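A short worksheet on the structure shown next.
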Amino acid sequence: MNQSSAFVKTLLAQCCQGGICEWVVCPGARNMALLQVLAAAEDLVKWRHFDERSAGFFALGRTLDMGLPVAVVTTSGTAAAELLPAVIEAYYQGRPLLIITADRPVEYRGSAAPQAIEQCDIFGIYAPCIDICSEEDLPDDVLETWDYASPLHINVCLPDPDATWNPGSCDLYPAEPPEETEFRGSLANLAQTLRFGSRDGLVVMIGGLDPTEQAPALWLANELKAPVVADATSGIREDLAHLLLQDADLLLKKNPPAVVLRIGDVPVCRFWRDLENLPQTQVFSITRTGFSGLARPSEVVCGNLDAILRAMGDIDSIGDVNDLRNTNKRRQALIDELLLTNPESEQALIRSFSYFAAEADCIYLGNSMVIRHWNSYAQTAIPTENVRANRGANGIDGQISTFLGTSARSHCAWSLFGDLTTLYDSSALALLPQLDEGTRVIGVINNSGGGIFRALPGADSHSEAMQKLLIQPHGFTFEHIAKQWGLNYLTIHSCDDFDKLELLPTNSCTLVEIFPDATQTQQVIETLRAKG
């Protein structure tokens, strides 16, 4: 073995000492020395996948599940570039994703030699790069400056692989990662506004929460007693049903509150976007990511939610100053009526699906229309504490991969995706045999194209040519994808078909393809839009 490659053993040992607890490994030749060390390190948890894009999102899912740093290892060239979508998502979620990419020796840079691209700083602002061109470049502690609040990229140049190299004993164990700082930002304006400025109306908007944030967020909402808009990914949506504004976008747009207090991730609801044009509404965010989620001025306190609330001290009750909940009850009644009279609409089918999914210890929601419909129409009677989604960049990339990473240790996990999202990431299903034994359900809403674009105002006036470009219509079903990866397969066309879910086999994966009635779906949308 060329001695200039033997230092990778030290590199990986440093990563373990820095708290990397699991490794997602992609194949290659240039990264062979890294793989040889990992293969010899029998006590490390390792996952494998041939698709770097999916591997990156699977690693992201593992960080979501554990709250601990996870590494993904790739070979050189475009294999590294495939990780960009997952790195972007991890950056906006504030997740500790470590990227280790093997590279050809530094002399090849700019040469256009095979699999020699410019890998240093390839991820730009989304992951700072530690470029290790030789053994001499390896720091004493490669992770010393990492804040664990966003991705980090280690690019390591390696000579040609030696398949005969034996790295010897590799007793590598993950250490505890450093603890997070408590919080950053001023609480003075927030405390003063809650005490005085919110007397003209406050709405609490709760986005995605990590498990440690749920109890303090629930306490704060119950203390304030103000109307709440809670995403399913908060894990406390059902617990706040007594304060909840359901499908409240139009209501809030017509009756904007004086103050919005956001807790957690950027909310899914469209009223959050409407706030861009409502400068009279003060917006405060308490979020571990530090991102405001708005282009307009607002105030952000970043860090540990429990520490922030302890620092704020006593919280006065605000209540429902503008009587929004009573107004919203009429809309809730209208929704219930519409779902009863349009039982095969996408909205009604998602509500039925949500009752069955409530039994899971993990629920994952794909982006676009699925997550919006779930927030507005899913059941609120049964608590669902562990609901996950990728809402950093809001893309459809790697959704199945993230679900499998998030649910890898689950006994029962349910998910729901759109059809284009599923087609986009179906190769992730190759990971299934590596996961812990359990019952998994992959629900697919098949609208034969991008259903969210059909719901846009004026979408029905588009020409056929525009429809093809915008919606990407198709005639595919998912039976053969299920068969390819060894999944059970069920179809649902009406509410009566949900009886099939009573008989799901345990410790297996089932793809449930749901076919909404397009006319009924549009009827629900248009009626709600017309009646505000």
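The values are calculated or read from the model by the stated rules, or taken from the named source; none is laboratory data. These figures come from a predicted structure and were not determined experimentally. Neighbour counts run over all protein chains shown; Cβ positions are idealised from the backbone, glycine included. For accessibility, only protein heavy atoms count, side chains too; no ligands or nucleic acids. Shrake-Rupley method; radii C 1.70, N 1.55, O 1.52, S 1.80 Å.
A few points about this structure:
- Per residue, the accessible area of the range 381-532 comes to 45 Å² when a 1.4 Å probe rolls over the protein heavy atoms.
- Cα gyration tensor shape of the range 342-381, rounded if a/c is under 1.5, else prolate or oblate by comparing a/b with b/c: oblate
- Sequentially through the range 343-354, phi angles give Karplus couplings (6.51, -1.76, 1.60; θ = phi - 60°) of x, 9, 6, 4, 5, 5, 5, 5, 4, 4, 4, 5 Hz, Gly and Pro residues having no value and appearing as x.
- Difference of contour (0.36 nm per residue) and Cα-Cα distance, Asn394 to Arg296: 33.3 nm
- Estimated [θ] at 222 nm from DSSP helical runs (n ≥ 4, -39500 (n - 2.57)) normalised by residues in the chain, nearest 500: -9000 deg cm²/dmol
- C-alpha long axis of helix 8-17 to longest principal axis of the chain, angle in °: 40
- For the range 380-532, the relative contact order is 23 percent, taking Cα pairs closer than 8 Å that sit 6 or more residues apart in sequence and dividing their mean separation by the residue count.
- Between the range 172-187 and the range 43-88, the C-alpha centres lie 21 angstrom from each other.
- Calculated FRET efficiency, Thr477 to Ala81, Cβ-Cβ distance, R0 = 22 Å: about 0.10 to the nearest 0.05.
- As a fraction of the 1.4 Å probe accessible area of the range 83-137, surface on carbon and sulfur atoms comes out at 55 percent.
- For the range 16-73, the carbon plus sulfur part of the accessible surface works out to 51%, probe radius 1.4 Å.
- On a per residue basis, the range 73-179 carries 46 Å² of accessible surface, using protein heavy atoms and a 1.4 Å probe.
- Neighbour net charge for Ile452 - beta-carbon separation under 12 angstrom, K R +1, D E -1: +1
- Global form of the range 425-532, assessed from the alpha-carbon gyration tensor, a/c cut-off 1.5: prolate
- Count, lysine Cα pairs under 17 Å in the chain, 8 or more residues apart or across chains: 7
- Euclidean distance between Cα centres, the range 194-267 to the range 126-170, Å: 43
- Extension gain from Met66 to Leu423, taking 0.36 nm per residue of separation minus the Cα-Cα distance: 125.8 nm
- Segments 505-511, 243-249 sorted - mean Cβ within 10 Å per residue, highest first: 243-249, 505-511
- A simple count of charges around Tyr364, restricted to other residues whose Cβ falls under 11 Å of its Cβ and scoring Lys, Arg +1 and Asp, Glu -1, yields +1.
- Local electrostatic count, Pro216, Cβ distance below 10 Å [Lys/Arg +1, Asp/Glu -1]: -1
- With R₀ fixed at 41 Å, the C-beta to C-beta distance from Leu250 to Asp306 puts the FRET efficiency at about 0.75.
- Value of Rg to Rh for the chain (Rh from inverse mean 1/r over Cα pairs, i.e. Kirkwood): 0.99
- One Cα centroid belongs to the range 367-420, the other to the range 461-491; the line between them spans 19 Å.
- Cα gyration tensor category, rounded, prolate or oblate, for the range 293-444 with a/c compared to 1.5: oblate
- Between Asp137 and Asp336, the modelled labels are 6.4 nm apart [label points 7 Å from Cα along Cα→Cβ].
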